[in-house]
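To start, the structure under review is shown below, and the notes come after it.
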2 protein chains.
Amino acid sequence: MAKRRKDAGLESGAIQGQVTDQPVATTQKKTTRVALLGFGTVGSSVAHLLRRQKFAGIELIQIYNRDVARKQASERSKKLSSSIAWTENVDDVLNGDADVIIETVGGIDPMERWIKKALSAGKHVVTANKQLIAYRGVSLGKLARQHGVSLVYNAAVAGGVPVIPAVLHGLQGDRVERVAGILNGTCNFILSHMEAGADYHDVLAKAQEAGYAEADPSADVDGYDARAKLCILARTAMQVGIDPDEIETQTISRVRLVDFHYARELNCTIRQIAQVQIEEGGVRARVGPTLVPNTSPIAWSHGTQNLVMTTGEFGGDVVFSGHGAGGNPTAVAVVSDLLAVAHGSASVSLPVKQKPVTGEFLAPHYLRFVVQDKPGIVSAIAGALAKVGANIDSIVQRPGYPKDALPFVVTTEPCLTSTIESAVRAIAKMPTMLEEPLCMQMLTDEAAE
Amino acid sequence: MAKRRKDAGLESGAIQGQVTDQPVATTQKKTTRVALLGFGTVGSSVAHLLRRQKFAGIELIQIYNRDVARKQASERSKKLSSSIAWTENVDDVLNGDADVIIETVGGIDPMERWIKKALSAGKHVVTANKQLIAYRGVSLGKLARQHGVSLVYNAAVAGGVPVIPAVLHGLQGDRVERVAGILNGTCNFILSHMEAGADYHDVLAKAQEAGYAEADPSADVDGYDARAKLCILARTAMQVGIDPDEIETQTISRVRLVDFHYARELNCTIRQIAQVQIEEGGVRARVGPTLVPNTSPIAWSHGTQNLVMTTGEFGGDVVFSGHGAGGNPTAVAVVSDLLAVAHGSASVSLPVKQKPVTGEFLAPHYLRFVVQDKPGIVSAIAGALAKVGANIDSIVQRPGYPKDALPFVVTTEPCLTSTIESAVRAIAKMPTMLEEPLCMQMLTDEAAE
């Protein structure tokens, strides 16, 4: 590791965590040249922000996108400097004069190849690409080190909420044991609207209309997006490497309004929670719809907001919340990374241990059944739970539902995920069950606050 | 600014914002030697954390405190390495072999002299000293730069909540227009207990017993502590230099239970709010008891917690919350700073513009009067408000109070602080007023959310 970082351009006064009364311009040696890959929502916001903020010593010199003519016709591009070279050939950028390449396209292929080329050509890379960093971050990081350049990706998790800079620079002294939170704005939009009474399919359609959700919403609602971000957080906050594909996920698409009604009876709401924790037994992680006590900070988050809570052995809980997506908030994270690279600040090199992960949590669980009401059902369910050693904590049945399709809820005392799931599989086979039971983990007050 | 940073010891792999799969030890050239000034709550927690975490390449070599024998007899010091040299003579440390000095004593004198000596001797300084950094941070920063060393103070604001690293590394791309929050845990402890029904004097006594509040609670309750932290936040988040003494403060000691009752009627609670905002007209800042809508994230904070909300032109609101004080959380901030210095990361050099500040806010206000109830009082108060052009938004009188000492509340539409204060001075002179009216600013939903 004797190789030194390449100078990105500015030579900074370099007084760490400290402010001066001198203009940055006086500390500047040469301009940092920047190229932008992608001029979509995030990319155009980055260009807009750079134009508006006029940071000394930063110059946007190139923009790559397909169909440049269409992009150049947009309102935002019209205001950009005419000195910026637009190109549809990515090699113009990868072999060009930029010191720093900002990647806002997303996806693993061909971005992995492009970013490898950029790093190998001695260019720093700033990226907002969560999938790429979750799956290929470690090997790309090695390549960056070999070439003495930086690869930074603070925008890849929680958009405008600076949780990665905060854990890298402000929580390294702690031993972070748990990270839990809301990492997918689309799911939070859907579930917080359902909390207010909206139907799942209606609000999903609304989210798709508003551009929050894709036509195929699977990456969001089934937890794959949050899972990638959770891996990046585990790596940066806990120095634990996890294979994203090994994280268990559960879809939010089976959550119904009736579940919010029952959650309310239990002083809870429902959110898509991504959580990872380190225990003596190993690393536990999962993503899925989860009951959250209304007293927990995690229940604070509404709309498309993101929220991350870290729990440290020494510093306790720290909560970060804000806009997890959107052009401008994500552009703030990207441009802050760019400035850090340009000023030569924020080099953090941490050891990461690759670890196996289990989706097993010892937690109370919420089970919702829809049955044709007949005597003996509760006794049969209780028997199935007793058989696996799961104790019932409460049985909740709200009035007003039809007897021939009666939803009711059983909550359990803490038991292992696999245990409760095996009981649920047995219960699902009972002839009175009208649909597959819904099983959700419940965050406890202790864990949540 | 051509002078280079002194190497604090470790040569880092220096891949910014990035983690490696290699142990830190392999990137290490020599050990960073650390000396500790002060072995009180924070100092002993720092030593404890360093002992427990065993960070590669970090060695605590000296501890300065008065009455070393007494300190050495404490449980925590008994577990420390016997190789640590204890001293009652600060010059042993200032002229010693440490690369980094950690200051946890507090206060301006003699810390300013000591830290100047340390910086001049080429030692990096990590401090948790809010008063020193608020009043002398700019000149000490200059001195540090002259000697090519770092002065870092992330522990000076909000303890274990890494808001300074987050704004320095994650929000530089934004233009932060407003910072508002709860920066004093003692006041938050008092006010959140009053919200739950406790009397001011009872809960203050309880806070003093628990060690949260000093025998003379003035620095906390009168806002001087929060004011110092607000200055540091304005400098780091907004690059605005403010003289702490110019920030208007208002004591929380005149807030009574009745104010919480009325606040509840208005769907609000009461917190000591420190806020600074930049507008075309200049910089506005103040610290004092403030009505906060229950829908605002700022109302989330309970107990001794701190909460900071930044509002950026591009990224919107970001909320940071956690333990603002206490030995271990503050030690996390100190040790994270130490690691950043040792790894040569996180050098941030920002221009700061010194600016005048006004305590004038255009905001709705809450006015609580205690009167001997007679006909004509409301009309007289309304007249005094009309005279200065302040419009009444609501008049609230809860039943159940004695007519001969009747508390009631008037809220106004947005008006300038000085305007409402002049009306309040006039109203205070009315013969039916049994005590001085209490005037508090109200955060609006728009500003708060």
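For chain A, the longest principal axis of the Cα atoms and the long axis of helix A:185-195 meet at an angle of about 30 degrees. Here's the picture: charge each Lys and Arg Cβ at +1 and each Asp and Glu Cβ at -1 in the protein assembly as shown, and of A:Val332, B:Ile182, A:Leu50 the one pushed furthest to the positive end of that dipole is A:Leu50. Partner shielding of B:377-386 amounts to 0, given as the average count of beta-carbon atoms from other chains within 10 Å of each residue beta-carbon. Listed by chain and number, the lysines whose alpha-carbon sits under 28 Å from that of A:Lys403, ignoring those within fewer than 8 places in the same chain, are A:Lys374, A:Lys387, A:Lys429. Normalising the average separation of contacting C-alpha pairs (under 8 angstrom, six or more residues apart) by the number of residues puts the relative contact order of the range B:24-152 at 24 percent.
Backbone amide hydrogens, once placed in the peptide plane, bring A:Val371 within less than 5 Å of A:Leu406, A:Phe408, A:Leu434, excluding anything fewer than 5 places away on its chain. Of all residues in chain A, the one whose Cβ lies closest to the rotation axis carrying A onto B, together with that distance in whole Å, is A:Ala166, 2. Give the distance, in whole Å, between the Cα centre of the range A:281-324 and the Cα centre of the range A:353-426. Answer, in whole Å: 24.
Each of A:Arg70, B:Arg264 has some number of other Cβ atoms within 10 Å of its Cβ, and from fewest to most they run A:Arg70, B:Arg264. In the range A:314-449, a dipole from Cβ-located charges (positive for Lys and Arg, negative for Asp and Glu) runs towards its positive end, and of A:Ala384, A:Ile395, A:Thr358 it is A:Ala384 whose Cα lies farthest in that direction. Averaged over the residues of B:296-303, the number of partner chain Cβ atoms lying within 10 Å of the residue Cβ comes to 2. What residue among A:Glu75, A:Glu280, A:Glu313 has the largest mean-square fluctuation in a Gaussian network model of chain A, using Cα springs under 10 Å? For chain A, modelled as a Gaussian network with Cα springs under 10 Å, the answer is A:Glu280.
Taking the label point 7 Å along Cα→Cβ, B:Val396 and its counterparts in the other copies are spaced 3.0 nm apart, in ascending order. Cβ-to-Cβ counts within 10 Å put A:Ile84, B:Ile270 in ascending order as A:Ile84, B:Ile270, the fewest first. In terms of Cα atoms, the Rg and Dmax of the range A:222-262 work out to 13.7, 40 Å.
With just the Cα atoms defining each centre, how far is the range A:59-85 from the range B:119-152? Give it in Å. If we compute the Cα centre of each part, the gap is 44 Å.
For chain B, relative contact order (Cα pairs under 8 Å, six or more residues apart, normalised by length) works out to 16 percent. Normalised by the number of residues in the range A:363-448, the average gap of Cα pairs under 8 Å and 6 or more apart makes the relative contact order 49 percent. Evaluate E = 1/(1 + (r/R0)^6) for A:Val378 and A:Thr295, where r is the Cβ-Cβ distance and R0 equals 30 Å; express this FRET efficiency to the nearest 0.05. The formula returns an efficiency of 0.55 here. Net charge dipole, the protein assembly as shown: roughly 2480 debye, given to the nearest 20, about the Cα centre with Cβ charges of +1 for Lys and Arg and -1 for Asp and Glu. A cut-off of 5 Å between modelled amide H atoms, ignoring neighbours fewer than 5 places along the same chain, links A:Cys268 with A:Asn294. The range A:190-263 and the range B:158-178 have Cα centres lying 28 Å from one another. Here the range B:24-152 yields Rg over Rh of 0.96, to two decimals, using C-alpha coordinates and the Kirkwood radius.
Per the Debye formula on identical point scatterers at the alpha carbon atoms of chain A, with no solvent, log10 I(q)/I(0) at q = 0.06, 0.09, 0.10 Å⁻¹ is -0.30, -0.63, -0.75. Got a sec? Which residues in the range B:249-266 would a label at B:Ala428 touch, if it sits 7 Å along Cα→Cβ and we count backbone N under 18 Å? Inside the label zone: B:249-256. In vacuo Debye scattering of the protein assembly as shown, one point per C-alpha: log10 I(q)/I(0) at q = 0.06, 0.10 Å⁻¹? At q = 0.06, 0.10 Å⁻¹ the computed log10 ratios are -0.43, -1.16. The per residue volume of the convex hull around the alpha-carbon atoms of the range A:363-448 is 88 Å³. Summing Cβ point charges (Lys, Arg +1; Asp, Glu -1) relative to the Cα centre of the range B:363-444 gives a dipole of roughly 140 debye. Relative to the other identical copies, B:His261 shows label-point distances of 3.9 nm, where the label point lies 7 Å from Cα along the Cβ direction and values run shortest first. Here chain B is treated with +1 on each Lys and Arg Cβ and -1 on each Asp and Glu Cβ, and its dipole about the Cα centre works out to around 1380 debye. Each residue of the range A:81-86 was assigned a 3J(HN,Hα) from its phi angle through the Karplus expression (A = 6.51, B = -1.76, C = 1.60, θ = phi - 60°), giving 4, 6, 7, 6, 8, 8 Hz with x at Gly and Pro. Each copy carries a label point for A:Val378 at 7 Å from Cα along the beta-carbon vector; from one copy to the others these points are 5.3 nm apart, nearest first. Helix B:224-238 axis versus longest C-alpha principal axis of chain B: approximately 70°, rounded to the nearest ten.
No lab work stands behind these numbers, since they all come straight from the coordinates. Quantities reported herein were computed from a predicted structural model and do not represent experimental measurements. Don't worry about glycine lacking a Cβ; one is built from the backbone with ideal geometry, like all the others, and counts go over all protein chains shown.
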